[in-house]
Each structure stands twice: as structure tokens, then as C-alpha cells.
1. Roughly what angle does helix 296-310 make with the longest principal axis of the chain, taking Cα atoms, 0 to 90 degrees, to the nearest 10?
2. From Cα coordinates alone, what are the radius of gyration and Dmax values for the chain in angstrom?
3. How far, in degrees from 0 to 90, does helix 140-244 lean away from the longest principal axis of the Cα atoms of the chain, to the nearest 10?
4. Could you check the simple spin-label distance between L186 and A317, using points 7 Å along Cα→Cβ, in nm with one decimal?
5. Between A325 and A116, with labels modelled 7 Å along Cα→Cβ, what's the label distance in nm to one decimal, could you check?
6. Which value, in Å² and to the nearest 10, is the accessible area of V402 when all protein chains are kept and the probe is 1.4 Å?
7. Below 23 Å, Cα to Cα, which lysines can K218 reach? Residues fewer than 8 away in the same chain don't count.
8. For V198 and S126 in the same chain, what is the full-extension length gain: residue separation times 0.36 nm, less their Cα-Cα distance, in nm?
Amino acid sequence: MTEILRGVLRVERDIFVLRQCGREVAALVGLDGQDQVRVATALSEMGREVLGVGGADVVFAVAEDPARLVVDLYSRGRLDGAGRTPARQAAARLVDDLAVTDEGGATRVRLTRRLAGGALPADVLSRLSAEAAALVPATPLEELAAQNQSLIAALEEVSRQRNDLTRLNAELQETNQGVLALYAQLSEELEETNRGVVALYAEIDDKSAQLHAASEAKSRFLANISHELRAPLTAVIGLSRMLADPSSDPVTADQATQVALIHDSARGLLVLVNDLLDLAKAEAGHIEPTWDDVDLPLVLRQLSGTLHAIGPRPGVALVIEDAPADVTLRSDEALLAQVLRNLLTNGMKFTEHGEVRLRCRAEGAQCVEFTVTDTGIGIAPEQLDRIFEDFYQVRGQLQASVTGTGLGLPYARRLTGILGGTLRVASEPGVGSTFTVALPRRPAAAAAVP
Ligand code: ADP
């Protein structure tokens, strides 16, 4: 601790000097205006009390760690250490620490105020003592005037702070009102949006129920109508075959031609009716796959047999590649064969030169892919999605010369879906097309079936 000023407190007038010294030493050690007034006022309060028990020696010092101004009043009289006089309570509020200790019959009153700027350098400390010693004691009147100035400054500060507080309160209230209004508006908008969303969902639910009902009605209609048409058509085919039979009564050459026409038309119609019936069944979810380990070599052999019997066009090769030995698949053999047959038949219909090829291979550990590639007329990019629509056929020269219903691809795609897979196409007009059936090796639906 470095002592910077020493003095005595003996008579009433000394209190003014003590107060003045307090303020000026506080200023010298770097305390701000308010802190100077605090220290001065605390000293004057305690000085009065100490004067009541006979006065004191006063020591101003600067201590370190933490850096603080320490003022000790050593009194020969006794002050009650634990007493809480109004003067002491007021002084205690003005400094950081106020301690009254009994020191062998005398009393030490120590007031401490921390220095916000930290420890003072040694050269400043040594200069302080000299500057403090040069302080000229003021008259009580001067000290009173200084005290009044401080009071006025303090009052102004309080009133400024009160004004600030009032303004801040008003601003806060305004902000609060703004926030509340915004919140109310937001919740109203949210509620409105929610109502809109709920209404929209209700409408979507409604529409999808209607769509579902319409699609069911269509499937039912197709199934019933096809079913009803099949019997008379089979009869027409049978009867026309009988009429044309050489063992029946002879018919004229013209009649034979007409009967052949009736027979061909009825067969064409039966193909369409059968396709319609298949599609209706697939759409209505009436096709239940029979899951089993597929004997791929057998399926491919049978396909090759049937399709070679129909025969591709002259100059077109139908190539069914052998399945790699490691490819195993759990699926429905009949449905898979149906899908591949549709794709291969299409390839043969729309290829005039080159080849139609079926290849099967493992695609990763989970999937098996069948690709039907042809070197035929190909399909324009804008038609690629449309060929999977019911009854859609691409207009073209070749189309007129081949039979078809426009139901083969939609049916193949639905069957592939039922088998848990996908059917996609890539094509280039004039170069050829590749249809790919990707099937899971172990479909989730098949897992439930032993
Ligand atoms: P379709 O009974 O007419 O063959 P699909 O549904 O099987 O009916 O095919 C729809 C249309 O897609 C066909 O009419 C044809 O225009 C086109 N198409 C299908 N496969 C091929 C292919 N391999 N090459 C070129 N066009 C094809």
C-alpha cells in the first residue's frame, strides 16, 4: 500500500477539509466525477461521526490487487464496531467497503473504493504524493459551494436518467404494442392459411375418392363387357370355322372369302377383348402373383419356342440369350413370361431389319434386369411416355401393317408393378428401342409367402 496523503481531523472545520481532500485525491487517482463525490461524501459522513469521539488521524493510500483507494481514519476514541448508525449506513452505500475495527483501544475506520482503471504505475504513484501535498485547503464556504455544485450535477444526472427511463419505457410499451399487433396479425394469417389447407385437403380427399370410384367403375365395366363379349365371339369363331370346313356343305368361293373375313375379324376382336379383360383384372387388383423361385432357363426356353413359332420378319434374328448361372429370382413365372412376351412381340412387330434380343443379368445384389433390345423403327422422344397409355399407338407406316390393341405396354407395366419392379424404355427413331424390366430378386411381397 502506498501512502499518498496524511492529515488530521480535530475540529468541525476539518470535516470540510477532509471532504475536499477526499474529492481531490479521488480525482488524482483517476476516479470519475461521480465516484469523487461518493468518496468525499462518505468521508464527510464518517468524519462527523469520528469527530464525535475525539477526532482522528487521516491517511489516504493506494493499495494494489485489486487496485483501490483506501482512506483510514485512526481515532483515539471508541466507535462501536458493529453499530449501524444512519451516517455509517449512508457511507457504506457510497464506497465499496466500509470497515470499523477496534485496534487496541483505538478505532480504525477504513473506506475503500476500487479503481476501475486498474493499478497505477510506480511513477504516477510517486507523483501523486507530491500533488496531494500541494493541495490547498479550501474555506468551508468554498467547500460548501463545491458540494452544492456536486449536488446540482447529481440532481441533473438523476433527472436525466429519469427522463431516459421514461422515454425508454414509452418506447418499450410502443414496441410491445407493435409486437402484439404483429403477433395477432400473424396468428390470424396462420389460422386463415390453416383453414385454406384443411379445405384444400378435404377437396383433394373428395376428388381422389371420386377418381377411385370412377376408376373402379371403369374396371368393372371393362371386365363385365369383355366377359360378356367373349362367349358370343368364341361362338362366331367356331361357327365360321365350321362353315369353312371342307367336310361341311360346300360354299361358293365368294362365301368362303366372306367366312374367312368373319373368322379373322372375330379372332381380332377376341384378342382385344382378352387384352381388355387382362388389363381390367390387373387394374382392379385381382391379379395375385404366385411367388416361387423362377426357373429362368426354362422360362427363356419356352419364350424362345413360342416366339420362334410366330416367327420374326424375314431378315430379322430373334436372339434369346442364356441366363447367367448366378442369376436367381423369386417371382411369378407366368406373369414374368407374359411381360417379356409382350415386349418381344412388339420388338418383332416394329423391326424390319437386324435383330430383337432378350438379355438377362444381375444388377447389383438386389435386382435382376431383363432388356429387350431391337434395331427397329424406334420411338420419338415425345411419344415415350404416351406409349404406356391405354389404347395409345404411334401413328406410322408400319403401324397399319401390324395387329395390335394399344394395351400391351400398359398391361406389361402394370404386371411389372405387381411383381414389385419397374418397366422403362429408351429409344431413338431409326436406330431402335430398349425396354428394361427391373425386378427385385426377393420382392417384399414375396417374403411373407413361404
Ligand atoms: P400394340 O398392341 O399396339 O403393340 P402396345 O401397348 O404394346 O400396343 O404398344 C403401344 C405402341 O407403342 C405401339 O402401337 C407402337 O406404336 C409403339 N411401340 C411399342 N413397342 C415398340 C417398339 N419396340 N418399337 C417401336 N414402337 C413400339
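The values are calculated or read from the model by the stated rules, or taken from the named source; none is laboratory data. Predicted model, so just to flag it, every value in this text is computed and none were measured. Neighbour counts are summed over all protein chains in view; Cβ atoms, including those assigned to glycine, are modelled from backbone coordinates with ideal geometry. Please note that ligands, DNA and RNA were not included when accessible areas were found on the heavy atoms of the full protein model with its side chains. Shrake-Rupley method; radii C 1.70, N 1.55, O 1.52, S 1.80 Å.
1. For 296-310 against the chain, the angle is about 50 degrees.
2. 54.0, 161
3. So the helix axis and the longest Cα principal axis differ by about 10 degrees.
4. It works out to 7.2 nm between the two label points.
5. With each label point 7 Å from Cα toward Cβ, the separation is 9.2 nm.
6. V402 exposes around 30 Å² with every protein chain in place.
7. K207, K281
8. Working: separation 72, 0.36 × 72 = 25.92 nm, distance 8.22 nm.
This chain segment gains 17.7 nm when fully extended.
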